[in-house]
Amino acid sequence: MKVTIAGVSKFFGQVRALHDVNLEIADGELFFLLGPSGCGKTTLLRCIGGFESVSSGQIMLNGEDVASRPANERNTAMVFQGYALWPHMTVAENVAFGLEMRKVPKDERERRVREALQRVQIEHLRQRKPNELSGGQQQRVALARTLVVEPGCLLLDEPLANLDAKLRRDMRREIRRLCKDSGLTGIYVTHDRQEALSMADRVAVLKDGVVEQVATPQDLYRRPASAFIANFIGETNFVSGTIKERSATGVLVETPCGLIRSSLSPEWAREGQDVLLSLRPEALSIGEGGDNTLSAVLRESTYLGEIANHVAEVAGGVELSFCELNPVSGGRAGEQVTLSVRASDVVVLPPSAER
Ligand code: ATP
């Protein structure tokens, strides 16, 4: 199912939860809504599912405006964070419930329940009640209950929030597999960046009800559009500066730690303009050879075996965090080193108070 969100805004009284949101989600895509608490992601999901009306704009499912359609007529199915299972029903009854509502004949109902339970690997638990299940098993029942109605689009609201870290990682893979195997369109809300990076085809990052960027996980990480996103999506170092030269091959930026070259020059970048540079810790390495080299003194080093985390001071008193794979030794504070970074790893961002 293709999902189109066109100019959607949502107010709760004076509170603006969504502002002019425009998104095109392709058939079969696993699409993430990512952002900090209160950014509006759950509200958007609920608007798509029909649990909330929009204040303005349109939501289209396969090209049809669904404003007048209630949740149960939208061909979408929602997995809620708390699972919302019926406590007095068995697993099989919980999963069958939606089919009964739709008046599916008994034989077909039983077949589809069995298949849905098999798909999430809990057929052996069919006679249990929800309070006799672990968190992960309840999660699977909630998934089976939505898959059984064969929706065109699965809406997932922080579905793994109640699980422990190990189970969460396993379920990430499984939910992605379930969506991809069945060609289901999935819209998945989370504030967990790793969940989004590891599972999504594409991610929309929201902030204060506004979509800040829509991109693949790789582009979001390597080519963030703002300081907010660079910071939200991973560790980074910000260095402020002014563009000294702009050419076809990139920009040269004057910073307190010297001239830094970037091969990524955004369209808006002009000579003389103030910018913020984002340098990921793993983009910096000890040694010559990058397009940029910086003399540095190690101020702090934490040896962790396969990796060491360092803080180095470069010219202008600027401190940069970086990591070293296969470090040769531990406590090296005070050591003089040369740091290098490739021009293609220096992201040029508009200046921002958010650092
Ligand atoms: P979280 O990760 O904490 O669930 P979220 O990004 O999903 O956050 P929403 O729940 O969509 O955010 O809320 C967006 C904004 O709308 C918040 O400011 C919230 O307080 C407000 N809001 C949400 N639902 C209502 C409501 N029913 N009445 C009034 N305000 C609401």
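The numbers here are math on the coordinates, done by the rules we state, and not lab data. Note that the structure is a prediction, hence the values are computed from the model and not measured. Quick reminder, even Gly has a Cβ in these numbers, built from the backbone with ideal geometry, and neighbours come from all protein chains shown.
Annotations for the structure displayed:
- From the alpha carbon centroid of segment 10-84 to that of segment 112-150 is 25 Å.
- The chain pair-distance distribution - Cα-Cα, 20 Å bins, rounded %: 26, 45, 25, 4
- Across all Cα pairs in segment 213-296, the calculated P(r) in 5 Å bins from zero up to the longest distance comes to 3, 14, 23, 24, 22, 12, 2, 0 percent per bin.
- Principal-axis analysis of the Cα atoms of the chain puts helix 165-182 at an angle of about 70° to the longest axis.
- A DSSP coil position with no more than 13 other Cβ atoms inside 10 Å describes the following GluC sites (Glu not before Pro) in segment 218-311: Glu235, Glu267, Glu271, Glu288, Glu306.
- Whole-Hz ³J(HN,Hα) from phi, Karplus 6.51 cos²θ - 1.76 cosθ + 1.60, for segment 69-84, glycine and proline x: 9, x, 3, 6, 10, 9, 6, 10, 9, 10, 9, 7, 4, x, 6, 6
- Dipole axis of the chain (+1 Lys, Arg; -1 Asp, Glu on Cβ), positive-most option in Ser295, Leu23, Ile260: Leu23
- Segment 108-201: GluC sites (Glu not before Pro) in DSSP loop, at most 14 other beta carbons within 10 Å: none
- Cleavage-rule hits (chymotrypsin sites (Phe, Trp or Tyr not before Pro)) in segment 219-296: DSSP loop, at most 16 neighbouring Cβ within 10 angstrom: Trp268
- Farthest toward positive dipole pole in the chain [+1 Lys/Arg, -1 Asp/Glu at C-beta], among Cys39, Phe11, Pro327: Phe11
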